[in-house]
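A quick write-up on the structure given underneath.
The values are calculated or read from the model by the stated rules, or taken from the named source; none is laboratory data. Owing to the predicted nature of the structure, the values given are computational and were not obtained by experimental measurement. When we count neighbours, we look across all protein chains shown, and the Cβ atoms used for this are built from the backbone with ideal geometry, even at glycine.
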Amino acid sequence: MSTQSTPILSALTEDLLIRVNEKLVQDSDRKIWRLICKEFHRVDSITRKTLRVLHVEFLLTLLKNYTNLHTLDLSVCPCIEDGTITLLLHRVDHSMWARNLKFLNLSRANGLKFSGLEMLVGACKGLESVDVSYCCGFGDREAAAISGCGGLKELRMDKCLGVSDVGLAKIVVGCGRLERLSLKWCMEISYLGVELLCKKCLELKFLDVSYLKVTSDWLRSIAALSKLEDLAMVGCPLVNDVGLQFLENGCPLLQKIDVSRCDCVSSSGLIALIRGHNGLLQIDAGYAISEFSGNFVECMQELKNLNAIIIDGARVSDTIFQTISSNCKSLIEIGLSKCTGVTNMGIMQLVSGCVNLKTINLACCRSITDAAISAIADSCRNLLRLKLESCNMVTEKSLGHLGLHCALLEELDLTDCFGVNDRGLERLSRCSRLLCLKLGLCTNISDTGLFYIASKCSQLHELDLYRCMGIGDDGLAALSSGCKKLRKLNLSYCFEVTDKGMKSLGYLDELSDLELRALDKITGAGLAALVTRCKRLAYLDLKRCERVDDTGFWALAYYSRNLRQINLSYCSITDMALCMLMGNLTRLQDVDLVQLTNVTVQGFDLALRACCVRIKKVKLVAALGSLISSEVLGILHARGCRIRWD
C-alpha cells in the first residue's frame, strides 16, 4: 500500500496541500488530516493561524510546532502563571511563534500577574487584541503592563476588579489607537478615567461600560467620541434621560445602543437618542422601559434602517407593531420576552411587514396561540431562531406550520410549552437544519417524539429535555444513532433513564456538555459505560445521582481528561475516589462538592490539595470553612480560586 501511495503524495505540491488544508473547517477533520502522514502534519503546522490550548503541559511543544499563529487562546488552559511565561520565553524561540501574533486571549488567567504579563506583552510586539476578562485579581500594575501594546486596537477587561482610573489612564496613554474597549464590571473605574479615555482614544468604535456608575457627566464625555458606533451600558442604574440627551447631538456614527436594565431610562430619553441618530441599526432597551409613549411610537417611523430592537419586559400594544411593520422593513431581530400586551393580532401585523425577521423572542408571552405562530411561519421564511418559552397555547398545529415553511430554522425554544406532544415533534422534524431544540418541562412528549426528531434532525448540536418524564432509554438509543453531532444534552430529572441509556449516549462522540441531575436509576456501571467512549466531555452534572458509586467515579477519573466543570453534590463518592478525580482531571476548573456525606474532612483536604494550583471555582458546605486546613484555603485564595460556601 505504501508503494502505491508514495507517488500520489509526491505529485501533490505544497501549494496544493495548503489549499486542501484550508478547506477543512471542522476541528475533527483537521485532526484526522494531520495524523495521516508527516507531510500533512507539516502543512498543518505552517498554515495554522489559530491555537486554543487545553493542557498547559503541551504549550511549549505546540508553540514550537506552530510558528505562524495569529491567534493564541489560553482561556481554558489552567495553571497559566508568571512561571509558565518565563519558561515559555526561555525554552521556545519566541521570535518565531510571537512574531505574527495579533490576538491573545488570557481570559480567566487568574494566576498571571504583572511580571508574566509584562514579559508576554514585550515578546508579542504586534498584538492588536487582548482579552483579560474575568482576571479578577488584575489591578493597575497589570493594566500598566498591557499599556506596552502600542498597537493595541481591542481590549476586553471585563471584571478586572482591581483596575482603577490610574490603570485605565496608563492604557489610554499607551494604547491611543484603541478601537474596541470593554470595561464591564470594572467597578473602580470612575468619571475621571472615562473622561481621559474620551480625550485620548479618539478612534474608539465600541465601548462597553455595563454595570458601572455611569452618570450624565460620563455621557457628556462619551458624546465627544466622533467615531463611536456601538455603546453598551447594561445595568447602569444612574443612566437617565438627561444623559441620553447628551448623546443626541454627539457620536454622529452611532449605530448600536444597549441600555437594557437601566431603570432610570424612559421613552423620552430614547426619543432624544433617535432624533439625533435616525440611522440606528440596533436598540436594546430590554427591562429598562415599562411602557412606550405615543411620541416614541411616532418617533420610530424615522428608523428606516433598524435591524434589531429588544424591548423585553415592556407593556406594548398593537399600535407599536403596526408602526414597526410599516416603517422598519429591514428588521431581522425583535425581542419581546415577558412583554405584556402582545396579542395574536399584533404579531400578525408585525410579520406582515417585517418578512425578513430571522430572530423572534416571544418567551412568556402567554396570550400567543397557534394563529400567531402560523402567521410567523407563513411570512418569515428565513426564520433562524424562535423562542416560545412558556407559550402554553402553542400546539402541534403551530409546529406543523413551522415544519412546512421554516426550512432554515436553527434554534427553537419550547421550554414549558405543555401543548407540545409527539405528534407536534413529528411535524417539527421537517426542520432538518435544527441545531438547538429546547423541550424542557414539555411533559407530554415521549420516546416516540424523540424518535421523530432523531430520524430527521441529524445536525442537532443542543437538546434540552429537562424534566421530560416520558423520555427513557429507547429515546436515547434513537438519539445516539440519529444525532451524531450532539454536543449539549440535558436529561436532568428524566427519571426513566437507566444504565442502558448511558451506554447509548456513549456513541455520541462529540458530546461535551451533559446534565444528568437526579437520575436515580443510573449506577457506576452506567457512568463507566458513558465515559469510556465520550472522551470530549467538558461539563458534567451528576448532582443527586445517588446510586453512582466509586466504580463510576474511577472510570471518570481515568477517561474524562478533558473535563473542566463537574457537579458532584449529594453523590455517594468516597475519599479515595474524590482524591483520584481531583488529582487526575488536570483540566478541571470548576467543581461543586456540596453534601458529600461519604467524604471526610481529611478527604476534602487531600482532594483540594491535589487540584489547588489549577482550580478556579469550588463550592463547599459552609461548615467546612472552619475544618479544612487554613494552608489549603490560603493556597486556593492566592491562586485566585473563588470559594462559594453553601
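Selection within region 103-137: residues that are in a loop (DSSP other than H, G, I, E, B), in contact with an Asp or Glu (Cβ under 7 Å, 6 or more places away or on another chain) and of a type in the set (S, T, N, Q). The member of this set that is modelled with the highest pLDDT is S133.
The residues on offer are C534, C483, C494, and the sole one that is touching a residue at least 24 places away in the same chain (Cβ under 8 Å), farther than 30 Å from D575 by Cα and not polar (S, T, N, Q) is C483.
Considering only helices (runs of 4 or more DSSP H) fully contained in region 444-533, which possess at least 2 residues that are closer than 30 Å to L404 by Cβ and touching an Asp or Glu at 6+ places or on another chain (Cβ under 9 Å)?
Output list reads 447-456, 473-482.
Residues in region 336-354 that are surrounded by fewer than 23 Cβ atoms within 10 Å (Cβ to Cβ), small (G, A, S) and within 27 Å of C262 (Cβ to Cβ): S337, G341. In region 9-37, the residues that are aromatic (F, W, Y) reach residues that are at pLDDT 70 or above and surrounded by 12 or more Cβ atoms within 10 Å (Cβ to Cβ) with C-beta atoms within less than 8 angstrom, at least six apart or across chains, in these pairs: W33/N21; W33/L24; W33/F40; W33/D44. Could you grab me the full set of residues in region 404-435 that are of a type in the set (V, I, T) and either buried (at least 23 other Cβ atoms within 10 Å of the Cβ) or at pLDDT below 95 (or both)? Once the filter is applied, which keeps residues that are of a type in the set (V, I, T) and either buried (at least 23 other Cβ atoms within 10 Å of the Cβ) or at pLDDT below 95 (or both), region 404-435 yields only V420.
When each of R544, R536 is tested for being among the basic types (K, R) and either farther than 18 Å from L463 by Cα or more than 24 Å from the chain's Cα centre (by Cα) (or both), the lone residue that passes is R544.
Checking each residue in region 468-504 for being among the basic types (K, R) and either surrounded by 19 or more Cβ atoms within 10 Å (Cβ to Cβ) or under 20 Å from N567 (Cβ atoms) (or both) picks out R487, K488, K503. Of all residues in region 278-289, those that are among the aromatic types (F, W, Y) have Cβ atoms under 7 Å from Cβ atoms of residues that are surrounded by 22 or more Cβ atoms within 10 Å (Cβ to Cβ), 6 or more apart or on another chain, in Y287/S260. Sub-8 Å Cβ pairs linking a first residue in region 381-402 that is more than 20 Å from L441 (Cα to Cα) to a second residue that is basic (K, R) and assigned to a loop (DSSP other than H, G, I, E, B), at least 6 apart or interchain, are N382/K358; L383/K358; L384/K358, ordered by first then second residue. Can you say whether I36 is among the aliphatic types (A, V, I, L, M) and loosely packed, with under 14 Cβ neighbours inside 10 Å, as far as the supplied structure shows? Yes; evaluated as a whole, the condition is true for this residue. The conditions of being in a loop (DSSP other than H, G, I, E, B), crowded, with 17+ Cβ neighbours inside 10 Å and at pLDDT 95 or above are met by C186. For region 203-217, the count of residues that are among the aromatic types (F, W, Y), in a helix (DSSP H, G or I) and buried (at least 17 other Cβ atoms within 10 Å of the Cβ) is zero. Residues in region 505-529 that are over 23 Å from Y570 (Cα atoms) and surrounded by fewer than 21 Cβ atoms within 10 Å (Cβ to Cβ): 4 in all. Against the test of being closer than 27 Å to T415 by Cβ and among the charged types (D, E, K, R), the options K329, K358 yield a single qualifying residue, K358. Scanning region 393-420 for residues that are under 16 Å from L450 (Cα atoms) and part of a strand (DSSP E or B) returns L412, D413.
The criterion of being over 23 Å from V242 (Cβ atoms) and at pLDDT 95 or above does not hold for C328.
Go through the residues of region 452-474 one by one and say whether even a single one is farther than 20 Å from A363 by Cα and among the acidic types (D, E).
Taking every residue of region 452-474 in turn, at least one turns out to be farther than 20 Å from A363 by Cα and among the acidic types (D, E).
Among the residues of region 527-546, the ones that are touching a Lys or Arg at 6+ places or on another chain (Cβ under 7 Å) and more than 26 Å from P78 (Cβ to Cβ) come to 2 in all. Assess whether K170 counts as being basic (K, R), assigned by TED's automatic domain parsing to the domain that holds E142 and part of a helix (DSSP H, G or I). Yes, satisfied.
Out of all the residues in region 10-39, which are part of a helix (DSSP H, G or I) and of a type in the set (S, T, N, Q)? Matches in region 10-39: S10, N21, S28.
Could you say whether any residue in region 346-365 is part of a helix (DSSP H, G or I), under 30 Å from the mean Cα position of the chain (by Cα), under 18 Å from R430 (Cβ atoms) and not basic (K, R)? No, region 346-365 has no match at all.
For region 558-571, the condition holds for no residue, the condition being that it is among the β-branched types (V, I, T), surrounded by fewer than 19 Cβ atoms within 10 Å (Cβ to Cβ), in contact (Cβ under 8 Å) with a residue 12 or more places away in the chain and not assigned by TED's automatic domain parsing to the domain that holds L54.
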